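S.K.: Got a structure for you, written out below as structure tokens; questions coming shortly.
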Amino acid sequence: MRLTVITPSGVLYNEDVEYVVISSKNNGDFAILNNHAPLISTIDVGYLKLVKEKNTIYTVVINGTIEHQDNVITVIAQEAHVGMNKDSAMQHLNEVRETRIEENRRRNIDFLKAERELKKNIQEASASKR
């Protein structure tokens, strides 16, 4: 069975797996095995447990959809991060989110400075026309 996890940054995971367990805060837990009936569901905040040849990998997902049809599982998520367990995947996700928040704060400060300078220049230009 093929599993693909896609985020705005691109394809995060694209490999064959034996089965997948989906855990979602609002929808609970369910598994998808080979030849499972087609389904579409959402993942608000949750994780995927990917099992492949006795190896288990976890992918934390925030705001995603999952579709299964013809032994192909496609997950499209706003954010997703892989780890060897749920905690490491969630920790990585939180680190990335904190970095993004800090970058956004800096951008907002830069934007406000640029906006103030623009207003000042417009006022000076208007005053010089008088």
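S.K.: Taking the simple approach of a point 7 Å from Cα along Cα-to-Cβ for both residue 78 and residue 98, what is their distance in nm?
M.R.: 2.1 nm
S.K.: Now for a separate question. Putting +1 on Lys and Arg Cβ atoms and -1 on Asp and Glu Cβ atoms, find which of 83, 65, 99 reaches farthest to the positive end of the dipole of segment 53-117.
M.R.: 99
S.K.: Go ahead and estimate [θ] at 222 nm for the chain from helices alone: -39,500 (n - 2.57) per DSSP H run with n ≥ 4, summed, over the residue count, rounded to 500. Walk me through the numbers on the way to the answer.
M.R.: Numbers: 1 runs with 44 residues, N = 130.
That comes out to -12500 deg cm²/dmol.
S.K.: Taking Cα extents along the principal axes in Å straight from the coordinates, which label in [x] 49, 32, 24; [y] 78, 28, 26; [z] 47, 26, 25 is the correct one?
M.R.: [y]
S.K.: Please state the charge dipole magnitude for segment 2-93, taken about the Cα centre, from unit charges on C-beta atoms (+1 on K and R, -1 on D and E), reported in debye and rounded to the nearest 20. Don't jump to the answer; show the numbers that get you there.
M.R.: Values: 6 positive and 10 negative charges, 30 e Å.
Taking the Cα centre of segment 2-93 as origin, the dipole is about 140 debye.
S.K.: Okay, next question. Going by amide H atoms built from the backbone, whose H comes under 5 Å of the H on residue 85, apart from near neighbours?
M.R.: So residue 85 has HN proximity to 58.
S.K.: If you don't mind, there's one more thing I want to ask. Just subtract the alpha-carbon distance of residue 42 and residue 123 from 0.36 nm times their residue separation and send over the number in nm, one decimal. The partial results should precede the final answer.
M.R.: Numbers: separation 81, 0.36 × 81 = 29.16 nm, distance 5.11 nm.
Length gained, residue 42 through residue 123: 24.0 nm.
S.K.: Which order results if 58, 47, 19 are arranged by neighbouring Cβ count within 10 Å, fewest first?
M.R.: Working: 58 21, 47 24, 19 16.
Listing 58, 47, 19 from fewest to most nearby Cβ atoms yields 19, 58, 47.
S.K.: Hey, what angle do you get for helix 86-129 against the long axis of the chain, alpha-carbon based, 0 to 90 degrees rounded to 10?
M.R.: Around 20 degrees separate the two axes.
S.K.: Taking amide H positions as placed 1.01 Å from N in the peptide plane, with prolines and chain starts having none, which residues 5 or more places from residue 18, or on another chain, fall under 5 Å of its amide H?
M.R.: For residue 18, whose amide H was placed from the backbone, the distant partners under 5 Å are 51, 52, 53.
FYI, it's all coordinate maths here, none of it is from the lab. In this text, all values refer to a predicted model and were calculated from it rather than measured experimentally. So basically every Cβ, Gly included, is an ideal-geometry build from the backbone, and we count neighbours across all protein chains shown.
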